[in-house]
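Shown next, in structure tokens, is the structure this report addresses.
No value in this document is a laboratory result; all are computed from the given coordinates. If you're wondering where the values come from, they're calculated on a predicted model, not measured in any experiment. FYI the Cβ positions are ideal-geometry reconstructions off the backbone, even for glycines, and counts take in every protein chain you see.
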Amino acid sequence: MKKDFLKIANRKFKSRLIVGTGKYKDMSECAKAVKLSGAEIVTVAVRRVNIENKNKPLLMDYLNPKKITYLPNTAGCFTSEEALRTLRLAREIGGWKLVKLEVLGDKKTLYPDMIETLKSTKVLTKEGFNVMVYCTDDPLMAKKLEDVGASAIMPLAAPIGSGLGIQNKINIRIIRSQTKLPIIVDAGLGQSSDAAIAMELGCDGVLVNTAIARAKNPYQMALAFKNSVIAGRQSYLSGRIEKTFLGKPSSPTKGII
């Protein structure tokens, strides 16, 4: 496990857990939860989180960008134009090229608009961005994203903030089988066991925000997700036994006294 790194766009990370920075009661709580989670990447909503106004609390005062990787995202964007403008701004502010793209389709379901998402991915990759793309769990769309240069595929488990857990294991398995790109399950996880399931399906990591930030004890939940991601990855690498419809005795059936 010591050499088992998460690799994204030629960068290596020891932790396979990515944590969001929204929905906490304050930045201090966010920073402590991130530390307990062991995450080395945090998502930053460029349109919502203060990263440049020095007259207000700065996220950078709580999470040192020299020690943790900031992943600017386009949370709250509903068109390709909004998303492109947001990430170009992030590049100007902090020089960030590793980014998370999400273009939402509507305010009710918060499902990604895959037509706008695909269009945005094409433009961003041509501009030199390394794009991690939030998407539906549609294997065909995931393949199209890979074809236009995405750096990572981030299929939803369930609607953002729903806590429902992975709703379509089969599609996640299909996406896994058809790509060598990192697969990061994003959105809809509710408890740490959901992360373990994602990792056992062969995903390379998970992104969690609401499940930790809105837990009654976010610190305890951050630790739980950290441990579940590790356990799920170890389980996947171990190679599970085959499923059967009939029982198989654990003890030898020969040489019985």
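One table, with the values for the structure above:
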item: Extension gain, LYS67 back to ARG91 (0.36 nm per residue minus Cα-Cα distance, nm); result: 6.8 nm
item: The stretch 214-229 - phi-based ³J(HN,Hα) in whole Hz, Karplus 6.51/-1.76/1.60, Gly and Pro as x; result: 9, 5, 4, 10, x, 5, 5, 5, 4, 5, 4, 5, 4, 5, 5, 5
item: In Å, descending, principal axis extents of the Cα set of the stretch 50-150; result: 44, 31, 22
item: Within a Gaussian network of the chain (alpha carbon springs, distance under 10 Å), most fluctuating of VAL34, VAL133, VAL148; result: VAL148
item: Estimated distance in nm for a label pair at GLN220 and LYS25, the labels positioned 7 Å out from Cα along Cα-to-Cβ; result: 1.5
item: Cβ-placed point charges (K, R +1; D, E -1), dipole of the stretch 6-238 about Cα centre in debye, nearest 20; result: 580
item: Efficiency of FRET from Cβ geometry, SER238 and THR109, R₀ 30 Å, rounded to 0.05; result: 0.25
item: Distance violations [Cα-Cα > 22 Å] among LYS56/LYS100; LYS12/LYS144; LYS97/LYS122; result: LYS56/LYS100; LYS12/LYS144
item: Choice from ASN227, ASN168, ASN209 showing the highest fluctuation, given a GNM over the chain with Cα pairs closer than 10 Å; result: ASN168
item: Shape parameters for the stretch 149-199, alpha-carbon atoms, Rg then Dmax in Å; result: 10.7, 32
item: Two-site label geometry, ILE170 and LYS248: point separation in nm, points 7 Å out along Cα→Cβ; result: 2.5
item: Projected area averaged over orientations for the stretch 127-257, convex hull of C-alpha atoms, nm²; result: 11.5
item: Whole-number percent relative contact order across the chain, with pairs defined as alpha carbons under 8 Å at least 6 apart; result: 17
item: Rg/Rh (Cα only; Kirkwood hydrodynamic radius) as it applies to the stretch 6-238; result: 0.93
item: Relative counts (whole %) of C-alpha pair distances in the stretch 1-46, using bins that are 5 Å wide; result: 5, 20, 26, 21, 14, 9, 5, 0
item: Per-residue [θ]222 nm for the chain (sum of -39500 (n - 2.57) over DSSP H runs n ≥ 4, rounded to 500); result: -11000 deg cm²/dmol
item: Long pairs among LYS107/LYS226; LYS7/LYS169; LYS3/LYS119, criterion Cα-Cα beyond 32 Å; result: LYS3/LYS119
item: Relative intensity, log₁₀ I(q)/I(0), of the stretch 112-172 from a Debye sum that treats every alpha carbon as a point, q = 0.13 Å⁻¹; result: -0.34
item: Phi to ³J(HN,Hα) by Karplus 6.51 cos²θ - 1.76 cosθ + 1.60 over the stretch 23-33, Hz, x for Gly, Pro; result: 6, 6, 5, 6, 5, 5, 5, 4, 4, 5, 5
